[in-house]
Amino acid sequence: MARFLTFTYLFFVMIIYVKTRSVHKSNSETPVFDEKNKDHWNMQAQWILQTKLSNHLNTKVAKNVILFLGDGMSITTLAATRVYLGQKYGHLGEELKLSFEAFPYTGLSKTYCVDSNVADSACSGTAYLSGIKANSGTVGLSAAVKRGDCKGQRDGLHSVTGLMDWAQKAGKGTGLVTTTRVTHATPAAAYAHSADRRWETDNELPKKGLRCEDIATQMVKGQVGSKIDVILGGGRRNFFPKTQTDPEGYRGCRSDGVDLIREWKKRKEALGVFPRFVYNKEGLLNLDDSLYHSVLGLFSPDHMPYHLEAGDDDPTLTEMTQKAILMLKKKKNGFFLFVEGGRIDTAHHETKARKALDETAEFAKAVEAALRLVDLQETLVVVTSDHSHTMTYSGYSKRGSDILGLVNRNNASDNLPYATLSYANGPGYKEAGRFHRYNLAKDDFNDVNYTYPSLVPINRETHGGEDVAVFARGPWSHLFTGSFEQNFLPHAIAYASCIGPGLTTCKSKSRSP
Ligand SMILES: *[C@@H]1O[C@H](CO)[C@@H](O)[C@H](O)[C@H]1NC(C)=O
Ligand SMILES: *[C@@H]1O[C@H](CO)[C@@H](O)[C@H](O)[C@H]1NC(C)=O
Ligand SMILES: [Zn+2]
């Protein structure tokens, strides 16, 4: 049932189907609904019109905010995922919408960074979490600091904070959920200031020269990091020494001998908070959310595994999101929760399109699960991405064709087949003989690890520079429309939820006579 509802749209399509059927008797060959009948399209479009006309602007204060970030979730990725997920449940696929594609307001966000035409997750995270565009590879610092400038980080002059800090100062609960290491660039941008995204542990800091505080340490001891109530994700090895092993037998990565997990517990207890550390799915699902105020869940030594390769011990993004909301819902001033589907990006870098689409499907399920746990009248939900990728969706295959297969109506000019999904660059480059292209007909497109073809050989496929989509529902979601700079997002979120130093709906109200 939960999976079925990942397509909000399907429900309405079904209604239209029943109605068109009663108007025109469909013959037995028609698929699920009769697209050959003009009434189908008219009724569908009229229904969309009616929904839009009945949409009222919500100008309440957003007590809660959930920001969902699909890392590397380009618009192409969304279109392809609809088909992937739809076909899994027996539909043609193209006609469906992912859960958040049914949100009433959408916009386009421009993702470039101060020193780079195409964003990385670090500068991008700084923009959509703190409202400041930054340099590539840096988190929580303005563009006055170049990547690797430890002195610039230590100065503190150029540090910027954003939604996490503003929400905490407004007395809200805060949470962070990701499928990557919790110290990876995207989550780090929520709480850390680091001149290099790679400085996740002390072991990764430059061996010579000034020493900067690593990201894991900032998560546990930092002004913002130490106040986060719920942190769930991967990257456990960054929190304890090389000389120790964790409950699952993996070694730590730290050289400074510090057990940051123990430190995290101690600090929470000192604040009079009842903390709990968990490291597997059972621990998370059995955690009594009425008993604990704060939870740290580190479910994997590195990134959490891809959903297609996850074991019984790995919680899903949906399970982590649900638990985070149940914990944060107890806060009387509301909460800010940041949820990242982080492995869409890593799959694209490997040109493993099947995994990228599957991770996006998982992300859409997590959004839908969240919607069912909150009061939608007082919760602003924003879904977006940090940057695009180079995947294209092309050809003229028959309707309902396998999105992960070859174009099936024509071959290329060289009479060799080409794939519906392919990349401009990446490890999927396939060597061919002189004067001819590699023949994809030889490949197994059902292999989860199949690397989709790319034009230019590069070890890790690159990000893309075009805009990403923003979907919003709830209080002030109509602000998230049009085409805007990515760093506008936290300003609009802060306005809606009355947090942060800028203009808010509460401040503007108190000023008016
Ligand atoms: C495309 O090329 C493949 C492999 O050479 C061949 O099997 C297939 O029949 C061709 N399809 C079309 C539509 O020409
Ligand atoms: C895919 O690759 C990963 C590691 O890169 C490996 O762990 C996994 O077993 C592979 N899956 C299959 C089905 O070969
Ligand atoms: Zn990336």
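No lab work stands behind these numbers, since they all come straight from the coordinates. All of these numbers come straight from a predicted model, not from anything done at the bench. Quick reminder, even Gly has a Cβ in these numbers, built from the backbone with ideal geometry, and neighbours come from all protein chains shown.
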Taking the chain and a Cβ-Cβ threshold of 4.7 Å, the cysteines left without a partner are Cys253
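Only loop residues by DSSP count here, and only those with at most 14 other Cβ atoms within 10 Å; note down the chymotrypsin sites (Phe, Trp or Tyr not before Pro) in segment 409-513 that meet that.
In loop regions of segment 409-513 (DSSP not H, G, I, E or B), the sparsely surrounded chymotrypsin sites (Phe, Trp or Tyr not before Pro) are Phe435, Tyr438.
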Mind listing the phi-derived Karplus ³J(HN,Hα) values for segment 324-331, rounded to whole Hz, using 6.51, -1.76 and 1.60 with θ = phi - 60°, and x for any glycine or proline? 4, 5, 4, 5, 7, 4, 6, 6
For segment 183-195, in residue order, the Karplus 3J(HN,Hα) values (coefficients 6.51, -1.76, 1.60; θ = phi - 60°; whole Hz; Gly and Pro = x) are 9, 5, 3, 4, x, 4, 5, 7, 9, 10, 10, 9, 6
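Run lengths n ≥ 4 of DSSP H only: what is the helix-derived mean residue ellipticity at 222 nm for the chain, with -39500 (n - 2.57) per run over all residues, to the nearest 500?
Working: 15 runs with 154 residues, N = 513.
For the chain, the value works out to -9000 deg cm²/dmol.
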In the chain, taking the dipole from +1 charges on Lys and Arg beta carbons and -1 charges on Asp and Glu beta carbons about the Cα centre, the listed residue (Gly400, Gln377, Thr179) farthest towards the positive end is Gln377
Where only C-alpha atoms are counted, convex hull volume of segment 403-513 per residue in Å³: 184 Å³
Place +1 on the Cβ of every Lys and Arg and -1 on the Cβ of every Asp and Glu in the chain, take the dipole about the Cα centre, and give the residue among Phe488, Gly162, Cys506 whose Cα lies farthest towards its positive end. Cys506
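Let me know the charge dipole size of the chain about its Cα centre in debye, to the nearest 20, where only the beta-carbon of Lys, Arg (+1) and Asp, Glu (-1) is charged.
Numbers: 63 positive and 55 negative charges, 258 e Å.
Dipole magnitude for the chain comes out near 1240 debye.
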Whose amide H sits under 5 Å from the amide H of Glu485, counting only residues 5 or more places off or on another chain, with H placed in the peptide plane? Lys110
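Can you tell me the convex hull volume per residue for the chain, based on C-alpha atoms, in Å³ to the nearest whole number? Provide the component values of the computation, followed by the final result.
Values: hull volume 89.2 nm³, N = 513.
Given the Cα convex hull of the chain, per-residue volume reads 174 Å³.
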If the label point sits 7 Å along Cα→Cβ of Asn333, residues of segment 53-81 with amide N under 15 Å come out as 62-65
Once amide H atoms are built 1.01 Å from N in the peptide plane, which residues 5 or more positions from Gly297, or in another chain, come under 5 Å H to H? Ile231, Leu232, Gly233, Val278
Under the Debye formula (equal points on every Cα, no solvent term), log10 I(q)/I(0) of segment 53-186 at q = 0.18, 0.19, 0.22 Å⁻¹: -1.16, -1.22, -1.34
Setting aside same-chain residues fewer than 8 positions from Lys430, which lysines have a Cα under 29 Å from its Cα? Lys88, Lys352, Lys355, Lys398, Lys442
Would you mind pulling out the separation of the Cα centroids of segment 131-165 and segment 430-479, in Å? 31 Å
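Considering only the chain, what is the antiparallel percent among its DSSP beta bridges, to the nearest 5? Write out the running numbers ahead of the final one.
On the way: 19 of 58 bridges.
The answer is about 35 percent antiparallel.
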Treating only Lys and Arg (+1) and Asp and Glu (-1) as charged, each at its beta carbon, one finds that segment 399-461 has a dipole about its Cα centre, in Debye to the nearest 20, of 200 debye
Order of Trp264, Trp199, Trp41 from fewest to most other C-beta atoms within 10 Å? Trp41, Trp264, Trp199
Can you compute 3J(HN,Hα) from phi for each residue in segment 302-308, using the Karplus curve 6.51 cos²θ - 1.76 cosθ + 1.60 with θ = phi - 60°, rounded to whole Hz and x for Gly and Pro? 10, 4, 6, x, 4, 3, 5
What Kirkwood hydrodynamic radius, in Å, does segment 164-205 give when the mean of 1/r is taken over all pairs of distinct Cα atoms and then inverted? 11.5 Å
Cα centroid of segment 249-280 to Cα centroid of segment 364-394, whole Å: 31 Å
Amide H proximity to Glu200 below 5 Å, modelled H, separation 5+ or other chain, gives Ile215
Going by average Cβ density within 10 Å per residue, which order do the peptides 254-261, 181-188 take, highest to lowest? 181-188, 254-261
Of the candidates Pro457, Gly252, Pro475, the farthest towards the positive dipole end of the chain (Lys/Arg Cβ +1, Asp/Glu Cβ -1, centred on the Cα centre) is Pro475
Give me the base-10 log of I(q)/I(0) for segment 399-461 at each q in 0.22, 0.24 Å⁻¹, Debye formula, one uniform scatterer per Cα, rounded to two decimals. -0.98, -1.14
Treating only Lys and Arg (+1) and Asp and Glu (-1) as charged, each at its beta carbon, one finds that segment 260-335 has a dipole about its Cα centre, in Debye to the nearest 20, of 720 debye
